[in-house]
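Take a look at the structure set out below.
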Amino acid sequence: MFKTFSIRTNYRTDLIEITDTVYGFLKECKVQEGICVVYVPHTTAGLFINENADPDVVFDVKNFLERLVPWVGDYRHTEGNASAHIKSILTGNSLTIPIQNGRLSLGRWQGIFFAEFDGPRERKFYIKVLKG
Amino acid sequence: MFKTFSIRTNYRTDLIEITDTVYGFLKECKVQEGICVVYVPHTTAGLFINENADPDVVFDVKNFLERLVPWVGDYRHTEGNASAHIKSILTGNSLTIPIQNGRLSLGRWQGIFFAEFDGPRERKFYIKVLKG
Amino acid sequence: MFKTFSIRTNYRTDLIEITDTVYGFLKECKVQEGICVVYVPHTTAGLFINENADPDVVFDVKNFLERLVPWVGDYRHTEGNASAHIKSILTGNSLTIPIQNGRLSLGRWQGIFFAEFDGPRERKFYIKVLKG
């Protein structure tokens, strides 16, 4: 089972929780045991799993990445978004989550985040569910 | 096949090899071909694969991460462990390893490490084995 | 389906696109729906997905990593390649890509890169294709 999802990002760096979307698709799939792969087909966006309870965590993540890979810097790529490409590599662009008893194996505080690093834009992500 | 494992960490940052545990579960599963997914359901811990022969490698990894994401810093998250959340994102919280002829495709020097970034604590990780 | 591939790297840090190799193996497999796992069994090399159109992107990635994790530094590992071990952890050593209609779900600008951090060397990577 495979499905494409659209997402609208609103800022240059925009970390948006997509946990409910992933759960919604999992329900449609009716898979009890298997894995769920979330995949971002962009080179200036990524994915990560982290705390969704306190929004300050995501704020700190964003802030850390901005300082580590500044938007303006000694880059050769002339499109001006080299920083976004590098952040995409640091977070990665796919996630693999076990499915057990029809549920994602997310921990109590874990949420799944789409990470926009060169927005605002219309973006896509894919969810693939594999039985087994 | 899916199993939950407990692990006791002993330091704030504690990088603990779990390769033998993963191999042990793989033996139980009697799967010849497939993939093995290791997953950490925490937001201040992670996973990585790297050298297990010379403990200095893991020391250097720990040291590098501490300097890159200092414990005390300009963070907004009031629980005081923002650094641990960020490190968890940098290492990632899941691993996918092919299984071939009943063995993990680990290289000669590769070990699987549980990465505690906000210990000491009782932690969990999951192992999922998929045939195919 | 599982296959081992050899790759010759030519520089200490050498980011080499392997997308065509992965596509070639996928064709052999004749799998319409599933996932593709690419795996590097080394501790001083990694993998990532990013833009393959403008070589300046890969140049900027390389440059960023060199500055973030300098080759010469305050490391304890006496082999002299601690920097390569750390870079391997930051990029990761496996990728999981959905397969849909017999094609990898790579985005338009995405290429798959083998990341050498301690070359030049003869290296290996594995491709595993799982139906489902």
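What follows is calculated from the coordinates using simple rules that are stated; it is not laboratory data. All values reported here derive from a predicted model rather than from experimental measurement. Reconstructed Cβ throughout: ideal geometry from the backbone, glycine too, with neighbour counts over all protein chains shown.
Helical content alone sets the calculated 222 nm signal of chain B at -8000 deg cm²/dmol, taking -39,500 (n - 2.57) per DSSP H segment of four or more residues and averaging over every residue.
The convex hull defined by the C-alpha atoms of the protein assembly as shown has an orientation-averaged projected area of 17.3 nm².
Under 1.5 on a/c is rounded, so check that first for the range A:79-125, then, if it is not, pick prolate when a/b is larger than b/c and oblate when it is not; a ≥ b ≥ c are the square roots of the alpha carbon gyration tensor eigenvalues. The shape class here is prolate. Looking down the axis that turns chain A into chain B, the chain A residue with its beta carbon nearest that axis, and the gap rounded to whole angstrom, comes out as A:THR96, 3. DSSP assigns beta bridges within the range B:2-131; of those with both partners inside it, close to 100 percent run antiparallel. A point 7 Å from Cα along Cα→Cβ stands in for B:ARG108, and the other copies hold the same point at 4.5, 4.5 nm, listed in rising order.
Which of the residue pairs A:LYS30/B:LYS128; C:LYS62/C:LYS131; B:LYS128/C:LYS62; A:LYS27/B:LYS27; C:LYS87/C:LYS128 have a Cα-Cα distance greater than 29 Å in the structure shown? Cα-Cα > 29 Å for C:LYS62/C:LYS131; B:LYS128/C:LYS62; A:LYS27/B:LYS27; rest within. For A:LYS124, a cut-off of 18 angstrom between C-alpha atoms picks up these aspartates and glutamates, skipping any fewer than 8 places away in its own chain: A:ASP14, A:GLU17, A:ASP20, A:GLU116, C:GLU51.
With K and R counted +1 and D and E -1, the other residues having a Cβ less than 11 Å from that of A:THR43 yield a net charge of -2. Distance from the Cα centroid of the range A:41-119 to that of the range B:1-78 is 20 Å (rounded to whole angstrom). Close amide-amide hydrogen proximity is noted between B:ASP54 and no other residue 5 or more places distant or on a separate chain, at a cut-off under 5 Å (H modeled in the peptide plane; Pro and chain starts excluded).
When the range A:8-111 is described by a simple charge dipole with +1 on each Lys and Arg Cβ and -1 on each Asp and Glu Cβ, the residue from A:ALA84, A:ASN63, A:VAL38 located farthest towards its positive end is A:VAL38. Between copies, A:LYS131 shows label-point distances of 1.3, 1.3 nm, shortest first, with the point placed 7 angstrom from Cα along Cα to C-beta.
Our compactness index for the range C:1-129, the C-alpha radius of gyration over the empirical 2.2 N^0.38 Å, is 1.09.
Please arrange C:THR21, B:THR43 by counting, for each residue, the other beta carbons lying within 10 Å of its beta carbon, fewest first.
Lowest to highest Cβ neighbour count: C:THR21, B:THR43.
With label points defined 7 Å past Cα in the direction of Cβ, position C:PRO70 shows copy-to-copy spacings of 1.8, 1.8 nm, given to one decimal and shortest first.
Largest GNM mean-square fluctuation across A:ARG12, A:ARG121, A:ARG76, computed for chain A with C-alpha springs under 10 Å, falls on A:ARG76. Springs between Cα atoms under 10 Å define the GNM used for chain A, and in it the highest mean-square fluctuation of A:HIS85, A:HIS77, A:HIS42 occurs at A:HIS77. Which of B:VAL31, B:VAL61, B:VAL22 moves the most in a Gaussian network model of chain B with Cα springs under 10 Å? Maximum fluctuation in the GNM of chain B, among the listed residues, is at B:VAL61.
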